[in-house]
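Since the structure comes first, as structure tokens, the remarks are kept for the end.
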Amino acid sequence: MSNQKDIESRRRFLKVAAGTTVAVAVMGGVPRFAEAADLPPLSESDPTAKALGYVEDASKTTNPKHTAGADCANCQFYTGASTGRGPCRLFPGKSVNAKGWCISHTPKQA
Ligand code: SF4
């Protein structure tokens, strides 16, 4: 009889434990998504940004290396959406403007 109770209680424990594991796995994924969207914006006055001539608005750059239509959204180092802000592999931990630009711009491969 007590054996049956042990089995029941073990089953209940395993169910709870399995549920907790799933919850932790799901919760564990949430901060990663939030992190990508919440990266602090790269400042034009950041030393690396300055060195690479980064501007928030590609249409306003006077840098002779800029080619018409080139911006972060069509650069291979940019991994964000085509509008708003997103990560750039050259500026880890910061977000760049999809409309921004810097001298390291490399067109995305088609
Ligand atoms: S490397 Fe590309 S995505 Fe990164 S700041 Fe320069 S132009 Fe934008």
Which residues, counting only those in the stretch 81-110, are within 11 Å of the ligand (Cβ to nearest atom), surrounded by fewer than 18 Cβ atoms within 10 Å (Cβ to Cβ) and of a type in the set (Val, Ile, Thr)? Ile103, Thr106
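Conditions (1) part of a helix (DSSP H, G or I); (2) exposed (fewer than 12 other Cβ atoms within 10 Å of the Cβ); (3) modelled with pLDDT under 95; (4) charged (D, E, K, R), marked per residue:
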position: Asn3; (1), (2), (3), (4): yes, yes, yes, no
position: Ala17; (1), (2), (3), (4): yes, yes, yes, no
position: Gly28; (1), (2), (3), (4): yes, yes, yes, no
position: Ser45; (1), (2), (3), (4): no, yes, no, no
position: Ala49; (1), (2), (3), (4): yes, no, no, no
position: His66; (1), (2), (3), (4): no, no, no, no
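The values are calculated or read from the model by the stated rules, or taken from the named source; none is laboratory data. Keep in mind the model is a prediction, meaning the values are calculated, not measured. Because the Cβ atoms are built from the backbone with ideal geometry, glycine has one as well, and the counts that use them run over all protein chains shown.
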